[in-house]
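Novice: Take a look at this one; I'll ask things after.
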Amino acid sequence: MGILEVKGVNKRFGGLQALGDVNLSVQDQSCHAIIGPNGAGKSTLLNCLVGKLIPDSGSVMFDGQSVLGRAPHEINQMGISRVFQTPEIFADLTVLENVMIPCFAKRDGAFRMHAIESVGGEVELREKAEEMLREVRMLDKRHEHAGSLSRGDKRRLEMAMCLVQEPRLLLLDEPTAGMSRADTNSTIDLLKEIRDTRNITMCIIEHDMHVVFSLAQRITVLAQGTPLVEESPENIKGHPKVREAYLGEAQV
Amino acid sequence: MTDQTSSTSVTASRTRARGASTGFLGLGRRDAALFGVVIVMVVFAPIILNPFPVNSAMAQFNAGFPQLMQQFLIFGIFAIGFNILFGLTGYLSFGHAAFLGIGSYAGVWMFKLLGMNVLYAVTAATAIAGIFAVLIGYISLRRSGIYFSILTLAFAQMCYALALSVLSPITNGETMLQVTHNDPRVLGSAVGPDGGLPVPTLFGLEMRSTYTMDAGPWSFDFNLGYYFCGVFMILAFYLAIRIFRSPFGMMLRAVKSNQQRMRYTGLNPRPYTLAAFVISGMFAGFAGGLLVSMDPIAGTERMLWTRSGEVVLMTILGGTGTLIGPVLGAGFIKYLESILSKINSGILHSWFGFLPDGLEDFIVAIIYPFVGKGWHLTLGILFMLVVIFLPGGLVEGGTRIGRLFRRRKATDTSDTPAE
Ligand SMILES: Nc1ncnc2c1ncn2[C@@H]1O[C@H](COP(=O)(O)OP(=O)(O)OP(=O)(O)O)[C@@H](O)[C@H]1O
Ligand SMILES: [Mg+2]
């Protein structure tokens with residue numbers, strides 16, 4: 001059994017079948033990629049995993065527990081963090097504060113009335129956040145407003161915010177979109193190192209095949225809301241169904 | 001090389017963090033300085049606000065009389081609390097006057113039932129306003145943005161309407177609620193020492209007692225009630241600083257910035273926002289308790305929506321989300337209200353009497369709509385000017401002026417070094 005088990009998940013938006021009978025099993029401490037053409041339902045699938053959407057039918061189990069019906073913050077507290085397709089950060093706060101907030105969430109839970117303590121006194125958390133920022137090479141920007149960062153920096157910041165929580169399952173929705181080649185490569189290196197050194201399972205959505213083949217151990221191809229194939233990277237390259245899915249879309 | 005520079009800056013910021021937490025009363029250097037200034041201002045306000053000799057023509061611009069100075073402090077507390085909700089979380093309540101009113105009624109009832117000690121009044125005012133804030137906040141916070149504002153407004157108007165009608169046995173309706181000879185007052189006496197109605201006291205010391213100091217042509221009033229409010233305004237300000245600098249305060253700013261990210265980071269925005277709402281409601285209730293401690297009478301007009309609007313104006317005018325802004329805004333508006341509304345056409349004519357008659361009448365006619373009963377017009381224009389040209393309020397104006405004067409020094413002591 002995988003750490004994440006998706007069984008028979010369906011999701012409709014009006015007349016559109018965004019997800020049709022999706023089954024997915026992600027092995028513990030692996031990196032699983034989900035690829036597929038635009039509109040295939042990849043983001044919708046992630047939304048069903050983190051509590052943003054509730055599937056019409058099916059089950060989603062994380063580490064033996066159902067996530068369905070739980071609030072997003074509860075799902076995160078179970079150990080699932082997500083990087084969004086369009087960066088979701090605290091734009092009005094500084095970069096360092098952005099990374100400290102997930103540290104507080106991890107340590108203190110969904111709510112704690114720590115109104116008299118001073119943030120300045122939280123030396124340990126601050127060091128942890130700064131260490132994380134150093135890993136994503138943003139330490140020098142820690143006092144900047146997050147809203148003023150470039151798109152690529154916003155993505156790296158969001159990734160740092162997720163990683164600093166040391167989640168058991170990290171969901172990444174196109175983490176390198178909008179990044180320069182150099183930033184993409186350093187992101188690959190970072191994710192590789194995290195994959196190999198931490199007890200973490202990664203589920204990554206990506207259009208950039210270079211990223212996918214550098215990181216993924218399993219690949220699921222999704223087209224029109226249904227998984228077509230699940231294979232290892234070596235077997236997926238020449239797979240006829242995959243070509244069909246992508247080329248078919250290109251012809252339309 | 002990159003590694004080396006970043007590791008030294010980690011150490012530097014670590015030292016800074018320690019410094020921040022071990023400063024005066026747990027405040028950072030800048031906050032401690034600001035706090036010190038506030039204390040000094042409160043202590044010496046009776047002198048600072050009376051700069052003009054008693055018999056001079058300018059004496060009417062003096063603000064150093066007890067009633068007005070008490071209002072500065074009380075509405076300062078009201079606005080400090082409001083700013084914790086609005087400034088940090090961005091939730092704009094249009095119903096905070098309800099808590100001011102509830103606090104006032106609770107305070108007067110304490111005077112009637114228990115005794116004239118003001119500590120009964122402020123304690124009950126804070127507690128009861130807190131209970132109402134939990135209820136109103138719990139429901140209103142199910143919505144955000146304009147819908148939240150409308151909900152709070154509706155609740156406040158409901159409180160106002162109830163106080164006038166169904167609840168008039170408790171609120172005394174249009175004839176305001178006040179202390180009478182027939183009150184039980186189980187821990188106090190029915191009559192004051194002079195046989196009249198008893199007045200609010202702090203362990204026997206009357207709130208209204210004032211020591212007047214004459215210094216040549218000047219005269220300064222030191223009023224006990226004022227200093228009682230002063231102590232609590234200083235405490236309220238201190239609490240606000242602590243909240244602003246706390247992890248809780250950071251979460252409130254996160255609520256304002258991106259609730260979606262907050263949820264997916266494992267934080268539940270709802271209790272944070274509710275806590276901010278209740279804290280600000282309790283500050284408002286406390287302010288209501290202080291109002292009746294200075295003058296033990298409570299009327300429904302204290303809950304009117306214009307009162308709720310007033311605290312919004314104070315906060316925005318002073319500087320939303322800044323520490324000192326709401327206090328400045330409260331002082332500014334209360335000063336304008338008190339001074340401008342006193343000016344009538346007789347005073348205007350005496351000012352411009354030196355001009356030829358026709359010109360005098362003309363100028364008086366132009367100024368007249370902006371003073372006296374028309375002071376709201378002046379307030380409205382000032383408010384528009386501030387919102388358009390100084391979106392950060394008076395505080396931003398202050399910083400801009402300050403920057404002009406000491407540009408060098410500012411860059412030296414800035415907390416965030418240019419990197
Ligand atoms: N909240 C929604 N309401 C209605 N339709 C939606 C909603 N979210 C997604 N869809 C539709 O569902 C389909 C799948 O969308 P989804 O965002 O999951 O695709 P995707 O695979 O992530 O594509 P991309 O690679 O462009 O990000 C699309 O046709 C989209 O328009
Ligand atoms: Mg998508």
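The values are calculated or read from the model by the stated rules, or taken from the named source; none is laboratory data. Since we're looking at a predicted model, the values are computed, not measured. So basically every Cβ, Gly included, is an ideal-geometry build from the backbone, and we count neighbours across all protein chains shown. With ligands, DNA and RNA removed, areas are computed over all heavy atoms of the protein, side chains included. Shrake-Rupley method; radii C 1.70, N 1.55, O 1.52, S 1.80 Å.
Novice: Please give the FRET efficiency for B:A57 paired with A:L16, using the beta carbon to beta carbon distance and R0 = 60 Å, rounded to the nearest 0.05.
Specialist: The value I calculate is 0.20.
Novice: Could I ask something else about it? Where the centre of each part is set by its Cα atoms, how far does the stretch B:267-344 sit from the stretch A:1-74, in angstrom?
Specialist: Centre-to-centre distance over Cα atoms comes out at 48 Å.
Novice: Oh, and also: Given H placed 1.01 Å from N in the peptide plane, which residues other than close sequence neighbours of A:A18 have an amide H under 5 Å from its amide H?
Specialist: Residues meeting the criterion, in which the H sits 1.01 Å from N, are A:K11, A:R12, A:F13.
Novice: With a cut-off of 12 Å, note down the residues of the stretch B:362-390 whose backbone N falls inside the zone around a label point 7 Å from the Cα of B:N344 toward its beta carbon.
Specialist: B:372-373
Novice: Here is a follow-up. Roughly how many whole Å is it from the C-alpha centroid of the stretch B:182-251 to that of the stretch B:26-54?
Specialist: Each part's Cα centre sits 17 Å from the other's.
Novice: How much solvent-accessible surface does B:Y105 expose, in Å² to the nearest 10, with a 1.4 Å probe and all protein chains in place?
Specialist: Taking all protein chains as shown, B:Y105 has close to 10 Å².
Novice: Let me ask something additional. For B:I150 and B:A365 in the same chain, what is the full-extension length gain: residue separation times 0.36 nm, less their Cα-Cα distance, in nm?
Specialist: 73.5 nm
Novice: Ok, one more. Given charges of +1 on the Cβ of Lys and Arg and -1 on the Cβ of Asp and Glu, with all other atoms neutral, how large is the dipole of the stretch B:343-409 about its Cα centre, in debye to the nearest 20?
Specialist: Its charge dipole is roughly 900 debye.
Novice: Below 8 Å between Cα atoms, with a sequence gap of 6+, how large is the relative contact order for chain A in percent?
Specialist: 27 percent
Novice: If you plug each phi of the stretch A:27-33 into the Karplus form 6.51 cos²θ - 1.76 cosθ + 1.60 with θ = phi - 60°, what whole-Hz ³J(HN,Hα) values come out, in order, with x for Gly and Pro?
Specialist: So the J values, rounded to whole Hz, are 6, 4, 6, 10, 10, 10, 9.
Novice: How much accessible surface does B:M294 have with a 1.4 Å probe, in Å² rounded to 10?
Specialist: Surface open to solvent at B:M294 totals about 40 Å².
Novice: On to the next question. Modelling each spin label as a point 7 Å along the Cα-to-Cβ direction, I'd like the B:I381/A:S180 distance in nm, to one decimal.
Specialist: Simple spin-label model gives 5.4 nm for this pair.
Novice: Quickly estimate the mean residue ellipticity at 222 nm for chain A, helices only: each DSSP H run with n ≥ 4 gives -39500 (n - 2.57), and the total goes over all residues, rounded to 500.
Specialist: -11500 deg cm²/dmol
Novice: Can you give me the distance in nm between label points at B:D194 and B:T210, each placed 7 Å from the Cα along the Cα-to-Cβ direction?
Specialist: Spacing of the two 7 Å Cα→Cβ label points: 1.3 nm.
Novice: Given the rule -39500 (n - 2.57) for each run of at least 4 DSSP H residues, summed and divided by the residues of chain B, what is its mean residue ellipticity at 222 nm, to the nearest 500 deg cm²/dmol?
Specialist: -21000 deg cm²/dmol, from helical runs alone.
Novice: Which loop-located trypsin sites (Lys or Arg not before Pro) does the stretch B:81-147 contain, where loop means any DSSP state but H, G, I, E or B and the Cβ has at most 14 other Cβ atoms within 10 Å?
Specialist: Loop-located and lightly packed - B:R142, B:R143.
Novice: So what are the ³J(HN,Hα) numbers for the stretch B:351-363, from phi and the Karplus equation (6.51, -1.76, 1.60; θ = phi - 60°), rounded to whole Hz, Gly and Pro as x?
Specialist: Per-residue couplings from phi come out as 5, 9, x, 6, 7, x, 3, x, 5, 4, 4, 4, 5 Hz.
Novice: Tell me whether chain B comes out rounded, prolate or oblate; compute the Cα gyration tensor, take square roots of the eigenvalues as a ≥ b ≥ c, and use a/c under 1.5 as the rounded threshold.
Specialist: Here chain B falls in the oblate category.
Novice: Taking every residue in B:239-250, how many Cβ atoms of other protein chains lie within 10 Å of its Cβ, on average?
Specialist: Per residue, the number of nearby Cβ atoms from other chains is 6 on average.
Novice: I'd like the distance between the alpha-carbon centres of the stretch B:66-85 and the stretch B:136-159, rounded to an integer number of Å.
Specialist: 23 Å
Novice: Continuing with this model, one more query. Can you give the accessible area of B:F132 in Å² (nearest 10), computed on protein heavy atoms with a 1.4 Å probe?
Specialist: 80 Å²
Novice: When only Cα pairs under 8 Å and 6 or more residues apart are kept, what is the percent relative contact order across the stretch B:263-341?
Specialist: 14 percent
Novice: Rounded, prolate or oblate: which fits the stretch B:343-409, taking a ≥ b ≥ c as square roots of the Cα gyration tensor eigenvalues, rounded meaning a/c under 1.5, else prolate when a/b beats b/c?
Specialist: prolate
Novice: Just by accessible area at a 1.4 angstrom probe, what is the order of A:D208, A:D173, A:D28 from largest to smallest?
Specialist: Heavy-atom accessible area, descending, gives A:D28, A:D208, A:D173.
Novice: A further question on this structure: Quick one: Karplus J couplings for the stretch A:155-167, per residue in order, coefficients 6.51, -1.76, 1.60, θ = phi - 60°, nearest Hz, x for Gly and Pro?
Specialist: Taking θ as phi minus 60°, the curve returns 5, 5, 5, 4, 5, 4, 4, 6, 5, 5, 7, 6, x Hz for the stretch A:155-167.
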